[in-house]
Number of protein chains: 2
Amino acid sequence: MPDPNPSAAAPDTNRSAKGPGRNKRADAQRNEQTLLTAAAAVFVTSGVDAPIRRIAAEAGVGMGTIYRHFPTRADLVVAVYRHQVDACAEAGPRLLDSADSPFAALREWADLFVDFLVTKHGLANAMQSNSGGFEALHAYFLDRLVPVCEQLLDAAAEAGEIDPGTRAYELMRGIGNLCVGRDSDPRYDPRRLVDLLLKGLLRPRSTSA
Amino acid sequence: MPDPNPSAAAPDTNRSAKGPGRNKRADAQRNEQTLLTAAAAVFVTSGVDAPIRRIAAEAGVGMGTIYRHFPTRADLVVAVYRHQVDACAEAGPRLLDSADSPFAALREWADLFVDFLVTKHGLANAMQSNSGGFEALHAYFLDRLVPVCEQLLDAAAEAGEIDPGTRAYELMRGIGNLCVGRDSDPRYDPRRLVDLLLKGLLRPRSTSA
DNA sequence: TACGATACGGAGCGCTGTTCCGCTTTGTCA
DNA sequence: TGACAAAGCGGAACAGCGCTCCGTATCGTA
């Protein structure tokens, strides 16, 4: 959690009143984080309509805890969304350090990104009402993630692994489009196609060039 | 789930093969009609997601009867849709005979049409999957209803109640658009606006001209 | 350490979709 | 006409869900 954003009274972009509890008890804060992670995992496998019970079980908490932190399903989905955006954004630089190469980092990052898209697409359905808030979240998504993706692309290009020229927005949108459709048709695995897309970025290996 | 659903496959001009059961027992045929009428009424007040129990109660039948006739909710919604289209189409000429004037007939017809739109809009949500079948149903809707509306408009124009020129498709689409949104906000009553729209067609009464 | 305040867990309620089977109605045939 | 299989009906019963409520456990503080 690199950005705990402690007690500052600054005009916080958001969460000033609702976000990760500022004055909450330690266990409550822990549970909130646990819930966000667990919900994200469940969303990936069962969609954003997964039973509350299942999410509670995954997190190892009672249902009451979920309802206390996130009174409505939309609240939970939105919170997971933001959490995932943040996690994805923070993962970029970290992967760049830990992975074998910038391109490897990009592939790992894309994997996280695909997980996140499940939540993102589910969000649209879960928020048919207040579409205004949805657009704000989309803007947040772009602000945070495009630069990270850009950074990964640049690093890979600088390392000579891929040709420069492909832009982050375009790539992210392409990945996003590959992931539309909530069916679990075994004949269509978005992840496989995303990997293909990424491999397409690669320059021919020097051995063959 | 590529379900081999025969009802959505062929947009049969009408009931030649699937409609009100040809070889069914008399009581079964009666029940099917009763159900279609009852479901339509419930849809208007509670939307297409109304509990099956409520529809069964409205029709005065058991739940088993609904499931026997319409295995899935989509089946029921589609059947109601067709039924409503037919009813609306047949009501046009009848109202022209029975109402005080062609314009009065048009207003009454519009009232039926607004009821029907609830089902129509619900249909889009209920058929997110096989959108192909949906387009076929929409075509059926246009084929059957536009001519009827045209007839009503022409009759009113011929009687000198309204100015000629307004086309049926445009009017129907206008009414349809006034009815979007499923909220039961008391501040927005589509029916009131539709009535306004229709009054707008009227020529000034001869007394003032 | 002692004691509110805070948060937790999950049993319980009411609602839903869906199935299943004993009973009723219908159509037919002698 | 009466009898009898087949077709159809009703609704109890089951399973799964969202959501609430309150006795209990944990935390932070004096």
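Tell me, yes or no, whether the stretch A:179-191 has at least one residue that is open to solvent by less than 30 Å² (accessible area, probe 1.4 Å), away from chain B (no Cβ under 14 Å) and part of a loop (DSSP other than H, G, I, E, B).
Scanning the stretch A:179-191 turns up at least one residue that is open to solvent by less than 30 Å² (accessible area, probe 1.4 Å), away from chain B (no Cβ under 14 Å) and part of a loop (DSSP other than H, G, I, E, B).
Which ones in the stretch A:70-111 are β-branched (V, I, T) and in a loop (DSSP other than H, G, I, E, B)?
A:T72
Identify, please: which residue in the stretch A:150-171 is farther than 22 Å from A:D100 by Cα and of a type outside the set (K, R) and is, among those, farthest from the other protein chains (Cβ to nearest Cβ)?
A:G165
If we keep just the residues of the stretch B:44-61 that are open to solvent by less than 70 Å² (accessible area, probe 1.4 Å) and within 19 Å of the chain's Cα centre (by Cα), which is farthest from DNA strand C (Cβ to nearest atom)?
Applying the filter and picking the extreme gives B:V44.
Are any of the residues in the stretch B:103-126 more than 14 Å from DNA strand C (Cβ to nearest atom), surrounded by fewer than 18 Cβ atoms within 10 Å (Cβ to Cβ), hydroxyl-bearing (S, T, Y) and under 20 Å from the mean Cα position of the chain (by Cα)?
Looking for residues that are more than 14 Å from DNA strand C (Cβ to nearest atom), surrounded by fewer than 18 Cβ atoms within 10 Å (Cβ to Cβ), hydroxyl-bearing (S, T, Y) and under 20 Å from the mean Cα position of the chain (by Cα), one finds none in the stretch B:103-126, hence no.
Residue check, A:V77 against (1) surrounded by 15 or more Cβ atoms within 10 Å (Cβ to Cβ); (2) within 15 Å of DNA strand D (Cβ to nearest atom); (3) at pLDDT 95 or above, all met but one. Which one?
So the condition that A:V77 fails would be (3).
For the list (1) out of contact with any helix residue (DSSP H, G or I) (no Cβ under 8 Å at 6 or more places or on another chain); (2) surrounded by 11 or more Cβ atoms within 10 Å (Cβ to Cβ); (3) modelled with pLDDT under 95, I need the number of the one condition that A:P6 fails.
With respect to (1) out of contact with any helix residue (DSSP H, G or I) (no Cβ under 8 Å at 6 or more places or on another chain); (2) surrounded by 11 or more Cβ atoms within 10 Å (Cβ to Cβ); (3) modelled with pLDDT under 95, A:P6 is out only on (2).
Please work out if A:R107 is in contact (Cβ under 8 Å) with a residue 60 or more places away in the chain, in contact with a helix residue (DSSP H, G or I) (Cβ under 6 Å, 6 or more places away or on another chain) and either more than 13 Å from A:L198 (Cβ to Cβ) or of a type in the set (D, E, K, R) (or both).
So A:R107 fits the description; yes.
Restricting to the stretch A:86-102, name every residue that is over 17 Å from A:L153 (Cα atoms) and open to solvent by less than 30 Å² (accessible area, probe 1.4 Å).
A:D86, the sole residue that qualifies.
Here is a yes/no grid of residues against (1) touching a Pro at 6+ places or on another chain (Cβ under 6 Å); (2) at pLDDT below 90; (3) under 16 Å from B:D111 (Cα atoms):
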{"position": "B:D163", "(1), (2), (3)": "no, yes, no"}
{"position": "B:V180", "(1), (2), (3)": "no, yes, yes"}
{"position": "B:S184", "(1), (2), (3)": "no, yes, no"}
{"position": "B:L198", "(1), (2), (3)": "no, no, yes"}
{"position": "B:R203", "(1), (2), (3)": "no, yes, no"}
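What number of residues within the stretch A:31-69 satisfy the criterion of being near DNA strand D (Cβ under 9 Å from one of its atoms), within 22 Å of A:L137 (Cβ to Cβ) and not in a helix (DSSP H, G or I)?
2
Within the stretch B:62-72, how many residues turn out to be of a type outside the set (F, W, Y) and buried (at least 17 other Cβ atoms within 10 Å of the Cβ)?
Number satisfying all stated conditions: 3.
The values are calculated or read from the model by the stated rules, or taken from the named source; none is laboratory data. Quick caveat: nothing in here was measured; it's all calculated off a predicted structure. Please note: Cβ atoms are built from the backbone with ideal geometry, for glycine as well, and neighbour counts cover all protein chains shown. In case anyone asks, the SASA skips ligands and DNA or RNA and just uses the protein heavy atoms, side chains included. Shrake-Rupley method; radii C 1.70, N 1.55, O 1.52, S 1.80 Å.
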